[in-house]
Structures are given as structure tokens and as C-alpha cells.
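Values quoted throughout were computed directly from the atomic coordinates according to the rules given, and no laboratory measurement underlies them. Remember, it's a predicted structure, so these values are computed and weren't measured experimentally. Backbone-built Cβ (ideal geometry, glycine too); neighbour counts: all protein chains shown.
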Amino acid sequence: MISVKRHGGVLAACDASLLGKKFEENELVLDIKKSFYGGQLIEEKELTELLLTATNINLVGEQTIRIAKKKGIVSQTGKIGGIPYAMIFKV
């Protein structure tokens, strides 16, 4: 399952299993706060529809990133503590 939440023009999505966890690598921190990423639980099809229409997107987690890559929405990702993430701004 994927957790998604909208914050105005921002779509935040993450693997639901990562909610509330924090990952660190050197001086970098990936804090997957429920207040930002915690929202509606959805499946791949629903996430795909949201990704195609959103213009400012934050993605975290293997499953979430895999879906975005499969649809050609993201090609490069970073990793912090072994967890992939991506930020997308469409103009």
C-alpha cells in the first residue's frame, strides 16, 4: 500500500510501511513524518493517476519509486539510509 497526502500543490507519497520512520546517512536525514506523508492508503493504479496530474511531488520508498519509474515520471533517485526518494517539479 502507498500512503498519499496533498498539501496544497504538493503530493507526498510513500510506502505505507515507512510511515513514522527516520533514516540517517552521514549528515543526511530522511524523516518520513506521518504529518507530511500519512494520509489515504491507495493502490498502484490510484497513485499512477495522481502522479500524472501532480506538479510538485515527493516520493519515498521502493514500491512508490518503482511505480513512478514504470510510468516514466522519475528516472533518477537518491538514497538515504538505503531508502530511495525523489522530488519532482513539473513546469
Worksheet item: Between GLU27 and THR53, what is the FRET efficiency for a Förster distance of 30 Å, r being their Cβ-Cβ separation, to the nearest 0.05?
Response: 0.30
Response to the item:
Placing each pseudo-label 7 Å from Cα in the direction of the beta carbon, LYS90 and GLN76 end up separated by a distance in nanometres of 2.0 nm
Item to complete: Could you please rank ASP15, ASP31, placing first whichever residue has the fewest other Cβ atoms within 10 Å of its Cβ?
Response: ASP31, ASP15
Discussion item. For the chain, take the longest principal axis of its alpha carbons; what is the angle in degrees between that and the long axis of helix 44-53, to the nearest 10 within 0 to 90?
Written reply: 80 degrees
Worksheet item: If you stretched the chain out fully between GLU44 and ARG6, how much longer would it get, using 0.36 nm times the residue separation minus the C-alpha to C-alpha distance?
Response: 12.0 nm
Discussion item. Lysine pairs in the stretch 2-89 with Cα distance under 12 Å, only those 8 or more apart or on different chains: how many are there?
Written reply: 8
Fill in: Charge dipole (debye, nearest 20) of the chain; +1 at Cβ of Lys and Arg, -1 at Cβ of Asp and Glu
180 debye
Worksheet entry | the chain - share of DSSP beta bridges that are antiparallel (%, nearest 5) | 80 percent
